[in-house]
Amino acid sequence: MTDFNDRERAEETKFARDEEMQFRIQARRNRLLGTWAAEKMNLSAVEAEGYAKAVVQADFEEAGDEDVIRKLLGDLVSAGIEISEADVRAALEAKTVEARRALMGEA
């Protein structure tokens, strides 16, 4: 019975680690997206840092990526930047890969 309990504990630990890594990847991705959008809007370094943090916070509004996409698209369009939802989604995918590579390199 101990083998089963050990295996169950190992699975729970792996699940928790995987969830934490996914959270860290998404947070890093959102910060990168915020920086990307800030560059497009020609924000200063201080403003860009604040904006990147705001994008990370926007991800806590609802499950999934739609809240982040909505924020980025709305802010970019409001700033007079011509950009489509497809462009934002493509940036999201690219920044996800970049964030995953950065975090995997740290591990």
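The values are calculated or read from the model by the stated rules, or taken from the named source; none is laboratory data. All values derive from a computational prediction rather than experimental measurement. A quick note on method: Cβ atoms are made from the backbone with ideal geometry, for glycine too, and the neighbour counts reach across all protein chains shown.
A quick yes/no check of all residues on (1) touching a helix residue (DSSP H, G or I) at 6+ places or on another chain (Cβ under 8 Å); (2) at pLDDT below 95:
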| site | (1), (2) |
| --- | --- |
| Asp18 | no, yes |
| Gly50 | no, no |
| Glu61 | yes, yes |
| Asp65 | yes, yes |
| Leu76 | yes, no |
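Checked against (1) farther than 23 Å from Ala102 by Cα; (2) surrounded by fewer than 16 Cβ atoms within 10 Å (Cβ to Cβ), Ala16 passes all but a single condition, namely (1).
The residue of the stretch 24-51 that is surrounded by the most Cβ atoms within 10 Å (Cβ to Cβ), among those that are among the hydrophobic types (A, V, I, L, M, F, W, C) and under 18 Å from Glu93 (Cβ atoms), is Leu33. Quick check on Glu98: is it in contact (Cβ under 8 Å) with a residue 40 or more places away in the chain and surrounded by fewer than 18 Cβ atoms within 10 Å (Cβ to Cβ)? Yes; evaluated as a whole, the condition is true for this residue.
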